[in-house]
1. Can you give the % of DSSP beta bridges in the protein assembly as shown that are antiparallel, to the nearest 5?
2. What are the aspartates and glutamates whose alpha-carbon lies under 17 Å from the alpha-carbon of B:LYS26, with same-chain residues fewer than 8 places away excluded?
3. Projected onto the charge dipole of the stretch A:3-263 (+1 at Lys/Arg Cβ, -1 at Asp/Glu Cβ, origin at the Cα centre), which of A:SER50, A:SER238, A:ILE174 gives the Cα projection farthest towards the positive end?
4. Restricting to bridges with both residues inside chain B, how much of the DSSP beta-bridge set is antiparallel, in percent to the nearest 5?
5. Starting from the Cα of B:LYS144, draw a straight line to each of the lysines and keep only those under 20 Å, dropping any in the same chain fewer than 8 residues away.
6. DSSP loop trypsin sites (Lys or Arg not before Pro) in the stretch B:171-207 with at most 13 other Cβ atoms within 10 Å of their Cβ, which ones?
7. Can you tell me how chain B classifies by the Cα gyration tensor, rounded, prolate or oblate, using a/c under 1.5 as the rounded cut?
8. From the Cα trace of the stretch A:281-364, what convex hull volume per residue do you get, rounded to a whole Å³?
Amino acid sequence: MRGNNIMGIIFANLHENLISELTEVRIMGAVPFGGKYRLIDFPLSNMVNSGINKVGVITKSNYQSIMDHVGNGKAWDLSRKQGGLFILPPFTDKSEYSNRMTTLNSILPFLQNSTQEYVVISDCDTVCNIDFQDVCRKHLENDADITLVYKRDQVPEKLHDPTVLSFDAKGRVIDVLINGDFSGSCSYYMNMLFIKRELLMELVKKCISRNTLNFKRDIIQGEYKELNIYGYEFKGFSPQITSVADYFNANMALMKPEVRADLFNANRPIYTKVRDDMPTKYGLGSKVTNSLIANGCTIEGEVENCVLFKGVHIGKGTKVSNCVIMQDTKIGADSSLNYVIVDKDVVIKNERTLMGFLSYPVCISKGSVV
Amino acid sequence: MYPKQEVVAMLLAGGQGSRLGVLTQKLAKPAVPYGGKYRIIDFPLSNCVNSGIDAVGVLTQYQPLVLNEYIGTGQPWDLDSNSSGVSVLSPYQQVKGADWYSGTANAIYQNINYIDRYNPDYVVILSGDHIYKMDYSKMIADHKKNNADCTIAVIDVPLAEASRFGIMNTNPDGSIYEFEEKPAHPKSTNASMGIYVFSYDKLRKYLIEDEETEGSSHDFGKDILPKMLEDGLRMFAYQFQGYWKDVGTIDSLWESNMDLLDPNVPLDLTDESWKIYSRNPVVPPQYISEEAQVQNSLIADGCSISGSVDFSVLFSNVVVKPGAVVQDSIIMPGAVIEEGAVVQYAIVSENTVIGKNAVIGARPETIVDKDQWGIAVIGDNLKIGQGAKIAPKAMVSKDVEGVEE
């Protein structure tokens, strides 16, 4: 059901430095993923599918591609009179977006003017299909002040300020470790939380007045003794993108039917900006195996274990294996690519050979000509 | 008060399309799926918006639910402007009573109010059963240049086929001196495409007169155009060059889909300058599995292919399971082809499940008596049982029981 008492805040601008090859020309939320999506599509669709009507998207700079992508929010049903999509760039002379805390402080008026009782905050570094209604249910059951979404797994090596939680028998957070030496399976925070709007504003104001500006250290770690902070374990497919290799592996994981069934759950679809491409054309003599392919491609060569975005051309006699090839890239004839991530609008001419390796896929940046 | 529109388009979309059999049992012909993601009506609607026509009335009558829902606010075609855009016009009750649309001209007549409010200079009449890309603004420019009252788009057809069409016989300057409906001995090969541009003052007058004429069938081809010609109005033919296909029969619908697979057919849907817009389902990209074999086909997002697909058009969310074979066929959204099933020269409609090892249709070379051969058509939301055999040319509208193997 739509129109519940929850609003969403998405940080579209964090974690770029972890995959700098892909964020030269865009922010994290605008990073293409999975053949037709951008990373922001996942938190945005998850919020909408959880009945959230009002979403603020935080962007600090270089937000042209995200603005272009989300537009007025129509594709997510967020072009609305009540609520809808709000892009929240900084006011140049008044706002400070230097970290999560100062950013939240800068958008206090937006929070103040909202009427929803609860706020879901999410970053764009995790690809998953999560039902925030369920998070809300658990939050209410636990009578929690804050609910942190976490995952039990090996902590990704390059995760920024990994935050590992310990719980008592009831699931209440009793210890928070940040940046420790984490090995083995841990319960680590997925940069998604559920909180009362009033409480969020209060905590932010308090931290700002004390000049304690680290969200994880000063709110999560600093308050867990006073506040009822609970965890919500998310068990579905949820790779966190902390490196180019993570990005590559998360794309490749989409070849598994169980991953697609989970991520592309037909009852909670992932929405994205529409482009009117025709269906993909498989030419005479083409050979395609184990690949995820979006509309608008023309394939005349051989494709195996690849993710092809909209409008990709693969020429005759060309073989692409283990590649992620983004929107409108054209690959000529008789070329060969293996373990390559090719950004948008790249032209790879005839008879070129590009090779990377599983642990180190080569990246070709947007608009290059090879 | 509506701002004046120089041109209003009226799209006749009420036809039943009975020759499409089970495909139009629950929807009007213009809503029939085409080309892996479109519906036929996407072509005239996209042509309108690409030609700069902002006011489009769509006349519906037969099974309008799917069509109405599909058109919606017109947003996918940018036809949701503040004071124009697309309007669905169905028959309605009036003070003097209620009438179905009794003919193409009557349908427009009943909606004179809709046209009047835009105070247009020209009205374009379109139909919703052709696949083509056409710039109507060029035709309108021609109409103005000729100072015409009516301009009819024509296309050159092979002489042998000319007797299936309305033929326009013209003078060297392009003016029409004779109009022959399906002539046995055609004098020319200028076939009418069913696309007319009228100067609205003339059209309005003739529609009202025709309505009062007893015995009239209220049809453009049979009544309005012959009367205009008889009265000596300035009528011109506009020669269209390019791909144009009537998809009113099973064979022509199948052929027109297959034309998309032929690089030599001049119908390019990838052309950025003349996009064909449609409503896009929210589905993930298509997945082609390890064991799949896909050749020379058009496949839409949301499909999951593990079998063999050759020379076929697959709409969104089609599933082809391992060992299944799909050849020379059209598979509409959500259909499932189970393991080992063989589908050849067939059209499988939406959400139908073809059971394991079932055999649908056949290749023409396997049939001795060619009269027995044709495209097999399976209706929507049906179940064809395991091992069942559906003969070529069959038209299936009910579930078919499986066969013990």
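1. Taking every DSSP beta bridge with both residues in the protein assembly as shown, the antiparallel ones total about 35 percent.
2. B:GLU69, B:ASP129, B:GLU350, B:ASP380, B:ASP399
3. Highest projection toward the positive end goes to A:SER50.
4. In chain B, approximately 30 percent of DSSP beta bridges are antiparallel ones.
5. Cα-Cα hits under 20 Å: B:LYS4, B:LYS202, B:LYS205.
6. On the way: sites: B:LYS187, B:LYS202, B:ARG204, B:LYS205; in loops: B:LYS187.
Sparse-neighbourhood loop trypsin sites (Lys or Arg not before Pro): B:LYS187.
7. prolate
8. That works out to 63 Å³ per residue.
The values are calculated or read from the model by the stated rules, or taken from the named source; none is laboratory data. Fair warning: this is a prediction, and the values are worked out from it, not measured in the lab. All Cβ positions, glycine included, derive from the backbone under ideal geometry; neighbour counts span all protein chains shown. With ligands, DNA and RNA removed, areas are computed over all heavy atoms of the protein, side chains included. Shrake-Rupley method; radii C 1.70, N 1.55, O 1.52, S 1.80 Å.
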